[in-house]
Amino acid sequence: MRHLSTLFLSAGLLLSPLVGLGAEGLCPEPPPLALLRSPQLDSGYALGVSGHIAALMLGPKAGGQAALLMAGGCNFPEVSAANGGAKRFYAEVYLHGAAEGSSAWRLVGRLPEPTAYAAGQAFGGGVIIAGGQTLGGRELDLVYRLDLDPRGRVQRTDLPRLPEPRSGMASALVGSRLYLIGGSVRGQLTTSAISLDLEHPEEGWRGEPHYPGAALLKVAATALPSATAGRIVMIGSFAHSEGEAGVSTSLSCFLLDTQEGGGWKSLPAPPDSLREGATFGGGWIRPRGQEAFAVGGGVNEYKFLPALERIQQLRRAKRLGQRKLVAQLEQESRQYLLHEPTWYRFTPFVLEYDLSQARWQRCEAETSPEHARADAAYVEDYIIGGEVKPGIRTNRISRP
């Protein structure tokens, strides 16, 4: 039986981990986004996408001004997911800024394949894209770098392929080393982690310690700046075994410096009284200085977990030939997709954890309806696209 990561990706309901985390090591100001919408040059893409890459990059004629790149993603442009529509994957690469008179999105190239649920990190003025999923739910092992040429078009440089096709993973960048954590490998969830030195890609991918605990349907990660070798913090979401689903808000820290012992260490999960059912699955995690980080966005366990359990029940009923139960569960699945966005309780608030004090707090000033999205891209302070409910995307670009 294929794991639920594959089931949700195929059905268009999986809200992938954070991609396009922004530009670690890139200091220029982002371009002004007066348009407040994602690219409108294609009628399908204009509806908004999720699972896309977004990051800041620099072009050779940018004059220090960062351009916002947006690439790939998926949606249901013809028939909605609730009505059994087919998911479309996109290969287009769009750019906003970094050109004279550039006040709108421009089509500047295409990805090698239509791609969603890839890892994306800004690095050295360009953008690194790894893995992902394409048409038919096929996972990819492609890894490449996108840069801007003197004409303002993207040029691709291929990097060593992944050891195995992978999608929906978390990613973090520490110095020049790119880490990929968890996700789906050949349709099955994994706790594995791998890394690549982007300055010495000829050395190839290196296996890293697995993160502790069960393989999770949702993981998000970020690197914390450090005077030593750095730390990666990861938060998980949904865990499952055959026939059983559950919520895991486990929090782990991967210590890269030997002074603190190295390896994965457990951190306290957000208390239930603060998170109110928020799992941050499909949300984001970002550093706030060297000793703190914040999490936000994503799905709610009280709404998403029953849907996850129903998927498992439906698979089991089909395997056992229980036609009446199959019909009932399929009807419930369709009904689940028909509610108004507020019913799904996507997370509108932000929680912050201070490592030095080992304390969680809720950032009341950062509560906003614009945070209530899943599988969006987060660049600097911008929230780009994503889902406002399962199967329904938005083309809004917001700065809460």
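What the table below lists for this structure:
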| read-out | value |
| --- | --- |
| Conditions (1) farther than 30 Å from ARG231 by Cα; (2) crowded, with 19+ Cβ neighbours inside 10 Å; (3) of a type in the set (D, E, K, R); number of the one not met by ARG275 | (1) |
| Subset of segment 363-372 (residues that are charged (D, E, K, R) and either open to solvent by 60 Å² or more (accessible area, probe 1.4 Å) or modelled with pLDDT of 95 or more (or both)) | GLU364 |
| Count - residues of segment 214-231 that are part of a strand (DSSP E or B), more than 16 Å from the chain's Cα centre (by Cα) and of a type in the set (A, V, I, L, M) | 1 |
| ALA245 being hydrophobic (A, V, I, L, M, F, W, C), outside any strand (DSSP E or B), touching a strand residue (DSSP E or B) at 6+ places or on another chain (Cβ under 7 Å) and at pLDDT below 90 | no |
| Hits in segment 363-400 (condition: touching a Phe, Trp or Tyr at 6+ places or on another chain (Cβ under 6 Å) and more than 29 Å from ASN83 (Cα to Cα)) | THR367, TYR378, ARG399 |
| Test: residue in segment 278-288 that is farther than 24 Å from VAL388 by Cα and either in contact with a strand residue (DSSP E or B) (Cβ under 7 Å, 6 or more places away or on another chain) or among the hydrophobic types (A, V, I, L, M, F, W, C) (or both) | yes |
| Residue list for segment 292-351, restricted to those being under 20 Å from ALA376 (Cα atoms) and open to solvent by 80 Å² or more (accessible area, probe 1.4 Å) | GLU340, THR342, TRP343, ARG345 |
| Any hit, segment 147-170, residues being among the basic types (Lys, Arg), part of a loop (DSSP other than H, G, I, E, B) and under 19 Å from the mean Cα position of the chain (by Cα) | no |
| Only one of ALA122, ALA104, ALA55 that is modelled with pLDDT under 95, out of contact with any helix residue (DSSP H, G or I) (no Cβ under 7 Å at 6 or more places or on another chain) and assigned to a loop (DSSP other than H, G, I, E, B) | ALA104 |
| Breaking point among (1) open to solvent by 40 Å² or more (accessible area, probe 1.4 Å); (2) under 22 Å from the mean Cα position of the chain (by Cα); (3) at pLDDT 75 or above; (4) not charged (D, E, K, R), for PRO268 | (2) |
| All positions within segment 188-213 that are of a type outside the set (Val, Ile, Thr), open to solvent by 10 Å² or more (accessible area, probe 1.4 Å) and in a loop (DSSP other than H, G, I, E, B) | SER192, LEU198, GLU199, HIS200, GLY204, TRP205, PRO209, HIS210, PRO212, GLY213 |
| Among residues of segment 171-185, those that are part of a strand (DSSP E or B) and either under 15 Å from GLY120 (Cα atoms) or of a type in the set (D, E, K, R) (or both), counted | 9 |
| Residues of segment 281-291 satisfying the condition of being open to solvent by less than 10 Å² (accessible area, probe 1.4 Å) and part of a loop (DSSP other than H, G, I, E, B) | GLY281, GLY282, GLY283 |
| Flag if ALA376 is open to solvent by 20 Å² or more (accessible area, probe 1.4 Å), under 15 Å from the mean Cα position of the chain (by Cα) and modelled with pLDDT of 90 or more | no |
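The values are calculated or read from the model by the stated rules, or taken from the named source; none is laboratory data. For clarity, every value in this text was computed on a predicted model and none was experimentally measured. As a convention, Cβ positions derive from the backbone with ideal geometry for all residues, glycine included, and neighbour counts pool all protein chains shown. With ligands, DNA and RNA removed, areas are computed over all heavy atoms of the protein, side chains included. Shrake-Rupley method; radii C 1.70, N 1.55, O 1.52, S 1.80 Å.
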